[in-house]
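Asks: Attaching a single structure in structure tokens format; questions to follow.
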Amino acid sequence: MRSRKPQPPHSPSGASLPSLSLTLPSARRKTRTVSLGPVAVGGDSPVSVQSMTKTDTRDFDRTLSEIRALQVAGCDIVRVAVPDMAAAATLRQLKLHSPLPLVADIHFDHRLALAAIEAGVDGLRLNPGNIGPRWKVEEIAKAARDRGVVIRVGVNAGSLEKDLLARHGSPTPEAMVESAIRQVRILEELHFDRIKVSLKAFSLSLTVAANRLFSRQYDYPLHLGITAAGPTFAGTIRSAIGLGLLLAEGIGDTIRVSLTADPVEEVRVGHEVLHSLGLRQRGPTIVSCPSCGRAEIDIPSLVKEVQEKLQGLQEPLHIAVMGCPVNGPGEARAADVGIAGGKAVGLLFSRGQIVRKVAASELADALVEEVSKLGKGERSDALV
Ligand code: SF4
């Protein structure tokens with residue numbers, strides 16, 4: 001399906017500015033590729049979106065249903081916590097039924113990693129700050145190598161090794177990179193190369209500096225995230241800035257947005273971050289004006305209704321919902337389907353042409369109908 005051609009942005013004076021897509025993001029940093037089941041991470045693969053279940057992993061039914069909801073939301077890879085052997089015992093069944101590649105999140109006890117590998121997971125997250133001495137990492141690496149499992153060396157500023165903290169004085173970018181590299185070296189010595197790395201902190205400056213430092217020296221794929229970013233509103237902004245800064249520099253191969261919220265929200269935010277940078281698009285882009293005293297239709301309610309009705313749509317369509325003749329016709333004409341509001345009515349556009357004038361109360365349904373026509377035979381059933 002055709003989507004809106006990028007429009008050259010204009011300065012307030014009307015002069016054309018260079019297209020944002022020419023300068024942002026920078027060329028993607030070249031990394032190696034690792035695969036978790038069918039999902040490739042790194043190299044030229046699209047930046048993937050991950051999340052983590054929030055259920056008790058021992059509760060198979062609830063965990064699987066959360067994984068399924070994540071898949072519907074567009075999650076590419078799912079991670080589950082494995083705090084004990086009972087949780088590890090459910091991994092085999094989860095792996096059997098999970099529609100997404102499964103990663104076991106391991107801390108403290110390397111035997112949990114071995115059990116997870118045995119259960120058939122696609123990946124492990126190990127924390128170098130708490131997994132213990134070298135022989136334990138070696139045991140994990142040997143088992144993971146035999147099973148084709150990917151290991152993420154997941155450094156967190158809050159749980160760095162004591163000797164690194166003592167030497168560096170605090171969790172600096174250098175200390176975080178050193179933590180990752182120490183563990184990467186052990187894996188390399190065992191000829192294990194299915195490696196991803198993450199360097200996360202709550203502090204944006206620390207996270208950004210650590211990832212920049214690492215990516216200047218190594219080409220292992222990077223998993224980006226901002227640790228414990230907070231509840232939805234603050235966490236979304238924090239994550240968007242932190243991940244956005246790095247992704248705009250071409251750094252980052254897979255992302256996880258951490259929110260104190262339903263994990264489906266994490267996936268939505270993750271996609272929106274990638275979408276805003278032009279790195280990936282899933283579902284419609286809604287171009288909507290903020291509304292103001294000129295609007296004679298209720299833009300916030302209309303946008304909410306349109307969003308709800310297009311929820312199942314996966315096509316990368318551009319939809320415009322605009323309040324008045326100031327910018328309305330221009331945006332609506334440039335979109336795949338658009339509305340330009342007038343006096344208690346709206347002009348409906350499809351692919352640049354005016355379709356008809358529609359009463360305000362029927363605008364959302366009319367827009368959805370037009371979207372369905374564009375996708376006839378393809379996606380119309382996806383619309384609710
Ligand atoms: Fe206001 Fe019209 Fe601009 Fe919407 S498009 S913000 S209603 S001036």
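Throughout, read-outs are computed from the coordinates displayed, never taken from laboratory work. The model shown is predicted, which means the values in this text are computed figures rather than measured ones. No Cβ is skipped: glycine too gets one built from the backbone with ideal geometry, and neighbour counts run over all protein chains shown.
Asks: Express in nm, to one decimal, how much length is gained between ILE286 and HIS191 on full extension, taking 0.36 nm for each residue of separation and deducting their alpha carbon distance.
Replies: This chain segment gains 29.5 nm when fully extended.
Asks: Also, quick follow-up: What residue among GLN217, GLN311, GLN93 shows peak mean-square fluctuation when the chain is described by a Gaussian network model with Cα springs under 10 Å?
Replies: Of the options given, GLN217 has the highest mean-square fluctuation.
Asks: Given the rule -39500 (n - 2.57) for each run of at least 4 DSSP H residues, summed and divided by the residues of the chain, what is its mean residue ellipticity at 222 nm, to the nearest 500 deg cm²/dmol?
Replies: Helix-only estimate at 222 nm: -12500 deg cm²/dmol.
Asks: Hey, what did the chain get for relative contact order, percent, Cα under 8 Å, at least 6 apart?
Replies: Contact order relative to length: 14 percent.
Asks: If you take every DSSP beta bridge fully contained in the chain, what fraction is antiparallel? Give it as a percent rounded to 5.
Replies: Once the DSSP bridges in the chain are tallied, antiparallel ones form about 30 percent.
Asks: Additional query: What value in Å³ per residue do you get for the convex hull of the alpha-carbon atoms in the chain?
Replies: Roughly 149 Å³ of hull volume per residue.
Asks: Whole number please: convex hull volume per residue, Cα atoms of the range 36-141, in Å³.
Replies: Numbers: hull volume 10.6 nm³, N = 106.
Cα-based convex hull of the range 36-141, divided per residue, equals 100 Å³.
Asks: At 18 Å minimum axial length over the Cα atoms and a Kyte-Doolittle cut of 1.0, report the qualifying DSSP H helices in the chain, or say none.
Replies: Once both thresholds are applied, what remains is 232-248.
Asks: Another question about this same structure. Taking the number of other C-beta atoms within 10 Å as the exposure measure, put MET85, MET176 in order starting with the fewest.
Replies: Least to most surrounded, the residues fall as MET85, MET176.
Asks: Show me the ranking of peptides 326-332, 303-309 by mean Cβ neighbours inside 10 Å, starting with the highest. Working shown, then result.
Replies: Details: 326-332: 19.0, 303-309: 16.6.
Those peptides, ordered most packed to least, come out 326-332, 303-309.
Asks: Once you've got the GNM for the chain with C-alpha springs shorter than 10 Å, pick whichever of GLY225, GLY169, GLY293 has the biggest mean-square fluctuation.
Replies: Highest fluctuation of the listed residues: GLY293.
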